[in-house]
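This report refers to the structure that appears directly beneath it.
The values are calculated or read from the model by the stated rules, or taken from the named source; none is laboratory data. As the structure is a computational prediction, the values presented were derived from the model and not from experiment. Cβ sites come from the backbone with ideal geometry, for glycine too, and all protein chains shown count toward neighbours. In case anyone asks, the SASA skips ligands and DNA or RNA and just uses the protein heavy atoms, side chains included. Shrake-Rupley method; radii C 1.70, N 1.55, O 1.52, S 1.80 Å.
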Amino acid sequence: IKHEVAQEVKRMRDEHSVKPRLFAVLVGDDDASAVYVRNKVRACADVGIESEQLDLPDSTTTKDLLAVVRKLNEDKDVDGILVQLPLPKHIDEAAIIEAVDPARDVDGFHPTNVGLLVMGRPRFVPCTPAGIIELLERNKIEIAGANACVVGRSQIVGRPVASLLLQRHATVTICHSRTRDLPSVTRQADILVAAIGRAGFIRRDFIKPGATVIDVGINKITDAAEARALFGDEAEKRIEAIARRGYTLVGDVHPVEADLVAGTRTPVPGGVGLLTVAVLMRNTLQAAKWRRGV
Ligand code: NDP
């Protein structure tokens, strides 16, 4: 995807002297958010998109941030506006999301873009769900007619990915913390998407033999015993990583158990996360094309 975006960005620059531009706002000092924004800014440089990052302190109020967003909305040189979530607790996240110009909402979180997606007329699609669809399509996993089960119903992953799967004619089940006998539901799925936020939660008995398992979760493991229970042959390498940098990452799917039954499983790290950033680049390019008519 990044290669395709880079080629198109070059064409726009050569033929129309247009350079797409992304503006990222980071509020507070959440380490994970800082890493995500840094990766997005780096990806922009890789594909030739211009980017700017504004770091605001944790003390920023809703009013302060609204003023920043409104200023960005007025800046005609900005094609994509991204406010990294989650925001500090005291900020009214919904108000901020609704303030972003929907025509430059490259995260696809604005109610207008959410509504269009649910209606089956997507404009900006949230990056992780769009990345999941890319992953399935580029690997020729048949979506039409498949039983797809999404565990998790968040606005940023679960709900939008369910909409996208439905639009591609899967029979979609959405599960959450109140679902009864979860394994018996997930076991029906040809395509199982886990977006829960619990380390190794999806185990062998949750998975239909041969299923395609998309692991969205990103969870930090800091305990050697837990790493041993999750990683099998790879455990010692992971324990070393914990000793070196304090943690290792695992998805929502138990890697060793899943690989005993699943047809395929996306790895964590190195799976869905990579696509998320690539789709953000594509959304920014798309915003620039629509806004500038090139
Ligand atoms: P949220 O915390 O917003 O949502 C979690 C969902 O999981 C909720 O709908 C919740 O149900 C459901 N859930 C929690 N516990 C259970 C349970 N025991 N059984 C069934 N369902 C359960 O998480 P996000 O969607 O934001 O993120 C999910 C994971 O994906 C996280 O690990 C996050 O870090 C990762 N992520 C990865 C990205 C990437 O690029 N790879 C991008 C975004 C997120 P309920 O609604 O009932 O509470």
Q | DSSP beta bridge pairing in the chain, given as percent antiparallel to the nearest 5 | A | 10 percent
Q.
More than 19 angstrom separation, counting every C-alpha pair in the range 51-198; what % is that?
A. 58 percent
Q) So which lysines can LYS237 reach, going by Cα to Cα under 26 Å and dropping same-chain residues fewer than 8 places off? A) LYS220
Q) So what is the accessible area of the chain per residue, in Å², with the probe set to 1.4 Å? A) 49 Å²
Q) Given the pairs LYS40/LYS208; LYS63/LYS89; LYS10/LYS71; LYS40/LYS76; LYS10/LYS40, which span a C-alpha to C-alpha distance of over 26 angstrom in this model? A) LYS40/LYS208; LYS10/LYS71
Q) Which of SER154, PHE124, LEU65 sits farthest toward the positive end of the charge dipole of the range 56-196, with +1 on the Cβ of Lys and Arg and -1 on the Cβ of Asp and Glu? A) SER154
Q: Give the shape of the range 18-82 as rounded, prolate or oblate, defined through the alpha-carbon gyration tensor: a ≥ b ≥ c are the square roots of its eigenvalues, a/c under 1.5 means rounded, and otherwise the shape is prolate if a/b is larger than b/c and oblate if not.
A: oblate
Q. What is the dipole size for the chain, taken about its Cα centre, with +1 at each Lys and Arg Cβ and -1 at each Asp and Glu Cβ, in debye to the nearest 20?
A. 600 debye
(Q) Based only on Cα atoms, what mean projected area does the convex hull of the range 119-212 have, in nm²? (A) 6.1 nm²
Q. To the nearest 10 square angstrom, what accessible area does TYR247 show with a 1.4 Å probe?
A. 60 Å²
Q: Calculate how many DSSP beta bridges within the range 177-261 are antiparallel, expressed in % of all such bridges and rounded to the nearest 5.
A: 40 percent
Q. Which is the longest stretch in the chain that no exposed loop site breaks, taking sites as trypsin sites (Lys or Arg not before Pro) with a DSSP loop state and at most 12 other Cβ atoms within 10 Å?
A. 181-294
Q. Can you pull out the chymotrypsin sites (Phe, Trp or Tyr not before Pro) in the range 189-240 that DSSP calls coil and that have at most 15 other Cβ atoms within 10 Å?
A. none
Q. Projected onto the charge dipole of the chain (+1 at Lys/Arg Cβ, -1 at Asp/Glu Cβ, origin at the Cα centre), which of ALA103, GLY251, THR276 gives the Cα projection farthest towards the positive end?
A. ALA103
Q | Charged-residue dipole, Cβ positions (Lys, Arg, Asp, Glu), the range 201-294 about Cα centre, Debye nearest 20 | A | 740 debye
Q: Give the residue from SER177, GLN84, ALA235 lying farthest towards the positive end of the charge dipole for the chain; charges sit on Cβ (+1 for Lys and Arg, -1 for Asp and Glu) and the dipole is referred to the Cα centre.
A: SER177
Q) Taking Rh as the Kirkwood radius computed over C-alpha pairs, what is the Stokes-Einstein D of the range 203-294 at 10 °C in a medium of viscosity 1.306 mPa s, expressed in µm² per second? A) 106 µm²/s
Q | Helix-only mean residue ellipticity at 222 nm for the chain, each DSSP H run of n ≥ 4 adding -39500 (n - 2.57), per residue, nearest 500 | A | -14000 deg cm²/dmol
Q. The chain: Rg/Rh from Cα coordinates, Kirkwood Rh?
A. 0.98
